[in-house]
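Everything on this sheet refers to the single structure shown next.
Where a number appears in this text, it was derived from the coordinates with a stated rule and is not lab data. All values reported here derive from a predicted model rather than from experimental measurement. For neighbour counting, all protein chains shown are included, and Cβ atoms are generated from backbone atoms with ideal geometry for every residue, glycine included.
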Amino acid sequence: MSGISPADEIRALEKRYHFRFDKSLGQNFINDETVTEDIAAACGAHPGSLVIEIGPGMGFLTMALAERAGKVIAVEIDERLIPILDKNLLLYNNVEIINQDIMKTDLKALIEEKGRLEDGSKPEDIRIVGNLPYYITTPILTALLEADTGAESITVMVQKEVAERVMAEPGTRPYCVLTLELSYHGVPKLVREVPAELFVPRPKVDSAVVTLTLVKGGTVPVGDKDLLFRIIKAGFGQRRKTLANALVLGGFAKDAVSRALEEAGIDGGRRAETLSLREFADLADAFRV
């Protein structure tokens, strides 16, 4: 990587290319090499890996990823950043830049079309990495979980408040639908916190890096995954109601709710936020009996 600090390089590139940060795209670029190195290390990429990077910005994290991975596909929505990325990544033959909106990108098709390594071989594994815009973090995470990418892990920079939700335990205030969605699809780990002063421009809140090691088929067995998440969303849709009342208000028949709760051995007077993922799975299976 360049001997120039990311902060100085960002300002120099900003001036050279007359670049102005776009608040509507949530553009806050990391200006500390220890953060980019920590993210690159946490994602677990190696010479046999394909990395899909979301929002490379000016390419500082991309460089760290390219030094570890067999190939990096960097998906950037802002066309104004493409010439800057081309300049910064000129020496990296294993990076391909795609000017697209990640929310409109078919990742499975992208991987099939462009996912081979430089020697033409298929990657041994796929890793997804990104510094996610605060305003669209949850939709991106949900889309990544639903995409059939075959990825081993997702490592992302998110608002610290979102990281607290990801890592939350049952019965705590941050515990929510997102917590359960992520914990169903994999095992989350907090990598590090990132204070606001390590970004250009500086955001109003701190951030954190989390890694989700994905588990094929889910972390808990359940007969009907769609039903599981219907129940979870209904339960949290009326968070202050008892679980039994929330499920009825969420569209489930009262008799079916009573029977399923009894079958699963769950007190209907509890609130959804107190149930573990395993208990929600047991409840979903009880509805199917």
Quiz prompt | C-alpha long axis of helix 225-237 to longest principal axis of the chain, angle in ° | solution = 80
Quiz item: Of 166, 25, 238, which is farthest along the charge dipole of the chain in the positive direction, counting Lys and Arg as +1 and Asp and Glu as -1 at C-beta?
Solution: 238
Quiz item: Between residue 191 and residues 5 or more places away or on another chain, which pairs have amide H atoms under 5 Å apart, with H built 1.01 Å from N, and which residues are they?
Solution: 209, 210, 211
Quiz prompt | Whole-Hz ³J(HN,Hα) from phi, Karplus 6.51 cos²θ - 1.76 cosθ + 1.60, for segment 97-109, glycine and proline x | solution = 9, 10, 8, 8, 7, 4, 6, 10, 9, 7, 5, 4, 5
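Among residues other than residue 37 whose Cβ falls under 14 Å from its Cβ, what is the net charge (Lys/Arg +1, Asp/Glu -1)?
Charge balance near residue 37 sits at -2.
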Self-check item: Gain on full stretching of the segment that runs from residue 233 to residue 34 - 0.36 nm per residue minus C-alpha separation
Solution: 67.8 nm
Quiz item: What shape does segment 225-288 have by the C-alpha gyration tensor, where a ≥ b ≥ c are the square roots of the eigenvalues, rounded means a/c under 1.5, and otherwise prolate means a/b greater than b/c and oblate the rest?
Solution: rounded
Quiz item: Against the longest principal axis of the chain, how steep is helix 6-16, in degrees 0 to 90 to the nearest 10, with axes from Cα atoms?
Solution: 60
Quiz item: For the cross-link pairs 233/254; 189/216; 122/216; 189/241; 71/108; 104/189, which exceed 22 Å when the distance is taken from alpha carbon to alpha carbon?
Solution: 189/241; 104/189
Quiz item: Rounded to the nearest 500, what is the chain's calculated 222 nm mean residue ellipticity when only DSSP H runs of at least 4 contribute -39500 (n - 2.57) each, over all residues?
Solution: -11000 deg cm²/dmol
Quiz item: Hey, of (1) 7, 32, 39, 20, 2, 0; (2) 6, 27, 36, 23, 8, 1; (3) 6, 27, 30, 20, 12, 5, 1, which did the structure itself give for P(r) over Cα pairs in 10 Å bins from 0, in percent when calculated?
Solution: (3)
Quiz prompt | Environment charge of residue 205, counting only residues whose C-beta is closer than 12 Å and scoring Lys/Arg +1, Asp/Glu -1 | solution = -2
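Calculate the dipole size of segment 61-183 relative to its Cα centre from +1 charges on Lys and Arg beta carbons and -1 charges on Asp and Glu beta carbons; express the result in debye to the nearest 20. Intermediate values should be presented prior to the final figure.
Numbers: 13 positive and 21 negative charges, 51 e Å.
That gives a dipole near 240 debye.
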Quiz item: Got a sec? Charge dipole of the chain, +1 on Cβ for Lys and Arg, -1 for Asp and Glu; which of 156, 115, 180 is way out at the positive end?
Solution: 180
Practice problem: Evaluate the charge dipole of the chain about its Cα centre and quote only its size in Debye, nearest 20, assuming +1 on the Cβ of each Lys and Arg and -1 on the Cβ of each Asp and Glu. | Solution: 880
Quiz prompt | For segment 162-178, Karplus couplings with θ = phi - 60° (6.51, -1.76, 1.60), whole Hz, Gly/Pro x | solution = 5, 4, 5, 5, 4, 8, 5, 9, x, x, 9, 4, x, 4, 7, 4, 4
